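The values are calculated or read from the model by the stated rules, or taken from the named source; none is laboratory data. Given the structure is predicted, the values throughout are model-derived calculations rather than measurements. FYI the Cβ positions are ideal-geometry reconstructions off the backbone, even for glycines, and counts take in every protein chain you see. Just the protein is used for accessible areas: all its heavy atoms, side chains included, with ligands, DNA and RNA removed. Shrake-Rupley method; radii C 1.70, N 1.55, O 1.52, S 1.80 Å.
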Amino acid sequence: MQTRLHFAALLFTSIAFTQVAQADQLATIKAKGELVCGTLGTDEPNSFIDAKSRQLVGYEVDLCRAIAKSLGVKPVIKQLAVAARIPELQQGRIDILTASLTHNKEREALIDFSLSTFYTGQRVLVKKSSNITTIAGLAGKKVLTVKGGTQEPNLRKAVPGVDVVTFETAGQAYLGLQQGKGVGYVDDEVSLLNNYAKLGAAQKDYLVLPQNISQEVFAFGIRKGEAGLKTAVDKVLRGLEKSGEAEQLFFKWYGPTSNVKFQKRSFKIDSDKIDA
Amino acid sequence: MLQFDLNFLLSGDYRDWLVSGLLLSLQLMAITLLLALPLACGVAVLRLAPSRLLNAVGAAYVELMRNVPLLAHLLFWYFGAPELLPDAWKERLYAGNIEAVSAITALTLYTAAYMAEDLRSGLRAIPVQQFEAGRALGFSFLATMRLCILPQALRLAAPPLLSQTLNLWQNTSIATVIGVAELMYQTQRVEAASFRSVEAFVFASAAYLAVSLLLAGVAALLQKKVA
């Protein structure tokens, strides 16, 4: 029994620490002829399954395709769970993370980031019947959100003493709010507004709290130390910004004709720095 | 790659999260067990009752529970079933710990179906003449069951019931999908906050393994005693 246990422990740790050894990832990507992008697929309009075509589409999916095209390889879009994003990247099962990924200081210790592709904040949606009108009013109340992202820590930072319940997908958390299983639902501004838009006539019963609980900057995740790939990705992103294609893509997914109806674009893709 | 380091788990917030998760998992198991055992007895008796209709009810329950994955049961009892209640009940239920209530409901109904089958084999191992003797002495079906057959059957079924408890212990981990803050939930929380997946899951695996081995040990002891 003892030796068998030891063996199991050894096996477990050796699997956990196995890493794919590669000289230069950019060369490997070009050699195999495909760029594997990891997306969520559940976060409209960044990446989601189009109801008509049943294809994965969205802002980040289009950016992934543009990067693959510039590198002269085939884009492969792979769906990931929120919590699995960074481990999947570290273990080499995907090449870059295009998955509504917040760029923050904690994560800089683990992975590298491309130029920032989107600037947003996290918001709270509540039912009007709860009589909550400010972020502070959430203290001691049950608030629902998705597991494994920055939503939970940001919410706890913004509202000490809040009771957070997390789910596998943002959709489940949002369903929980609709059913009354919590007073609020927290998500990235765009996803939240998008879900709010889908409420239709029921919108009158809900309120998007006016304040953000945090500022978020999205960027693409790249494995640590892959300078070649980062330079290449950043170069493509700069090119898209310069040609105006990046702005077109922004308005295609976030503009006045989309669910979230942003009238203007208040950022440019030109920096990979974030505020502390 | 970061170095493997369990120490950061053994103090501060992360330890508190994991310990509270472990305690909640143990509570889930204990409460479910207390509720599932009597229910399982009822279902097993139904399946052996002298009525075709009752037999069918018992069989239908067991098949319905065993042929749907536990995950589906959990999602149903959390997102589905409570919505069918009248609004006033719903509000009262949602104001409390609906996550744990749904998890215990799903786990109890699911576990009881498996335990009922173990109990049924225990019941069938008692010679039918004992049952006939009970009836001949004037006891009713239920009285014969309660006083003569069930106590012996429970003793015989104890080892398989413990092995079902082992399954139950591991199944509590699925409650994480409906937001119950048990061990797996807290492990994922530590992972999301620290990105130390290996350490967090080593802790969780060790905790599950330790409790499982304990249960398996008790089952082995009982097996020796009963046999």
Problem set entry | Among residues of region A:195-236, those that are out of contact with any helix residue (DSSP H, G or I) (no Cβ under 7 Å at 6 or more places or on another chain) and of a type in the set (A, V, I, L, M, F, W, C), counted | 8
For this session: Check every one of the strands (runs of 3 or more DSSP E) wholly within region A:19-127 and list those with 3 or more residues that are in contact with a Lys or Arg (Cβ under 9 Å, 6 or more places away or on another chain), open to solvent by less than 40 Å² (accessible area, probe 1.4 Å) and not β-branched (Val, Ile, Thr).
Result: A:34-39, A:111-127
For this session: Would you mention how many residues in region B:15-40 are farther than 14 Å from B:TYR110 by Cα and either among the small types (Gly, Ala, Ser) or surrounded by fewer than 21 Cβ atoms within 10 Å (Cβ to Cβ) (or both)?
Result: 13
Seminar exercise, completed: Of the residues in region A:166-178 that are facing another protein chain (nearest Cβ under 9 Å) and open to solvent by 10 Å² or more (accessible area, probe 1.4 Å), the one that is nearest to the chain's Cα centre (by Cα) is A:GLU168
For this session: Give B:LEU71, B:LEU142 a once-over and let me know the one that is within 14 Å of another protein chain (Cβ to nearest Cβ) and not in a loop (DSSP other than H, G, I, E, B).
Result: B:LEU71
Exercise. Identify, please: which residue in region A:131-159 is part of a loop (DSSP other than H, G, I, E, B) and away from chain B (no Cβ under 12 Å) and is, among those, most open to solvent (accessible area, probe 1.4 Å)?
Worked result: A:ASN131
For this session: Could you check, for region B:128-137, whether at least one of its residues is in contact with a helix residue (DSSP H, G or I) (Cβ under 8 Å, 6 or more places away or on another chain) and among the acidic types (Asp, Glu)?
Result: no
Exercise. For region B:189-210, does any single residue satisfy the condition of being more than 14 Å from every other protein chain (Cβ to nearest Cβ) and open to solvent by less than 40 Å² (accessible area, probe 1.4 Å)?
Worked result: yes
Problem set entry | region B:132-178, residues that are of a type in the set (Phe, Trp, Tyr) and crowded, with 19+ Cβ neighbours inside 10 Å | B:TRP169
Exercise. Within 30 Å of B:LEU28 (Cα to Cα) and free of Cβ contacts under 8 Å to residues at least 60 places away in the same chain, is that true of B:SER121?
Worked result: yes
